[in-house]
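Here, each number is a calculation from the coordinates, and none is a lab measurement. All values derive from a computational prediction rather than experimental measurement. Heads up, the Cβs are rebuilt from the backbone with ideal geometry, glycines too, and the neighbour counts pull from every protein chain shown.
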Amino acid sequence: MIKLEDISKNFRKNKVLKNVSFEIEKGDFVVLIGPSGCGKTTTLKMINRLITPTSGRITIEDKDISKIDPIKLRRNIGYVIQQTGLFPHMTIKENIELIPKVEGFEEDKIKERTEALIELVGLDTSYLDRYPSELSGGQQQRVGVARAFALDPDIILMDEPFSAVDPITRTVLQDELIRLQAKVKKTIVFVTHDIREAIKLADKVCLMNEGQIVQYDTPENILKNPANDFVTEFVGDNRIWQSPEYIRAKDIMINDPVTCPVDCTINEAMYLMGLEQVNTLMAIDSETNRLQGVLRKKHVQHAKNRDIRDIIISDYIYANPNESIVDVLKKIDKYDISNIPVVDNKRKLKGLITKSSLVETLSQQYIDDMTEVY
């Protein structure tokens with residue numbers, strides 16, 4: 001939807017942006033982040049032509065924005081800034097309705113839209129007759145978001161909108177924005193200096209440094225596969241542990257769990273458990289590698305000459321390789337199980353997660369943290 005091609009920007013002799021190119025898909029939430037002076041805000045302001053590039057081309061839905069009237073362009077792009085930008089002498093209602101009235105919308109439709117918007121951002125209609133000074137910083141910022149949505153634009157630009165509020169309010173506003181985006185699915189370009197905020201909000205993160213893009217990727221890939229030492233240092237070595245939803249079952253599973261053929265004998269199963277010193281075997285179909293069931297030692301010990309198919313647990317609890325560690329832990333806790341097999345969509349065995357492997361993984365993260373401290 002939004003495409004930047006070889007964008008450069010010079011302010012006198014200072015080269016702020018150097019051949020920046022990336023594309024934002026329709027409905028994506030993209031966060032621009034990086035150290036002060038990296039060019040993230042300059043990049044944002046170029047999308048609505050508040051700043052003009054020295055060279056390069058920006059298109060929105062394949063239309064070159066340099067050929068679109070800037071006023072018309074901006075009225076179709078919502079814009080939210082840090083200081084909210086609300087007019088202090090106007091009521092909240094007047095602030096939200098300003099541009100729709102300029103555009104000549106019908107009064108009854110404006111009223112209906114305004115009331116819907118104020119409720120959409122988590123405030124009730126009683127706030128409409130108040131002035132900005134009567135609202136808290138967080139409430140003002142909600143109004144700023146509502147005003148940005150007034151013309152129902154496809155694109156919303158947000159320049160560090162939550163940086164001026166306290167941490168608790170900031171968290172609430174982030175959660176509200178996630179809820180709002182899930183409902184309206186706009187294309188949002190968001191500038192922040194806080195990596196935690198970026199990871200929490202973004203579909204894709206554009207990490208910049210010295211006027212260039214260092215890595216443009218999903219939060220998960222930036223956490224797991226940083227492009228270089230700068231990304232690693234900026235994000236933090238153990239940042240992934242602050243976002244456990246990005247740690248997948250495949251990241252922590254035992255890749256070669258002890259298995260047995262589903263048609264093996266009881267004696268063979270007992271021998272294998274003793275040899276490998278395990279209390280559980282994954283019973284698989286030897287030809288397809290599909291998991292047929294889970295075999296526990298306590299069941300084998302009392303089975304005598306029974307067939308192994310009679311004692312395996314065929315309705316086992318399992319995880320998908322891409323399932324988050326959070327969901328895996330919930331299953332282990334809910335069903336009070338000591339291990340959980342990892343299978344793909346065809347029930348082929350991919351690995352095994354045990355309580356001990358989880359403890360080992362979590363302990364290693366604790367050791368890494370302590371190493372950094374000392």
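Structure values in brief
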| read-out | value |
| --- | --- |
| 5 Å-binned pair-distance histogram of region 25-84 (Cα, whole percent) | 4, 14, 24, 28, 20, 8, 1 |
| Reachable lysines from Lys93, criterion Cα separation under 21 angstrom, eight or more residues apart if same chain | Lys101, Lys109, Lys111 |
| Normalised contact order of region 250-360, rounded percent, pairs of Cα under 8 Å and 6 or more residues apart | 30 percent |
| Long pairs among Lys250/Lys331; Lys200/Lys334; Lys183/Lys330; Lys200/Lys224, criterion Cα-Cα beyond 18 Å | Lys200/Lys334; Lys183/Lys330 |
| Cα long-axis angle, helix 92-102 against the chain (0 to 90 degrees, to the nearest 10) | 70 degrees |
| Highest to lowest packing among 107-116, 25-34, 311-320, scored as the average C-beta count within 10 Å | 25-34, 311-320, 107-116 |
| Estimated Rh, region 42-113: Kirkwood, alpha-carbon pairs, angstrom | 14.3 Å |
| Ordering of 349-356, 160-167 by burial proxy (mean other Cβ atoms within 10 Å per residue, highest first) | 349-356, 160-167 |
| Region 86-173 - convex hull of the alpha-carbon atoms, volume per residue in Å³ | 100 Å³ |
| Which of Lys72, Lys348 has the fewest Cβ neighbours within 10 Å, and the rest in rising order | Lys72, Lys348 |
| Angstrom value of the Kirkwood radius, inverse mean 1/r, which spans all Cα pairs in the chain | 24.4 Å |
| Percentage, to the nearest whole number, of Cα pairs in region 250-360 over 18 Å apart | 46 percent |
| Amide hydrogen neighbours beyond the local backbone of Thr218, cut-off 5 Å, H modeled | Val205 |
| Protection proxy ranking, peptides 267-276, 45-54, average beta carbon neighbours within 10 Å, highest first | 45-54, 267-276 |
| Region 317-357-region 1-60 distance, computed between alpha-carbon centres (Å) | 43 Å |
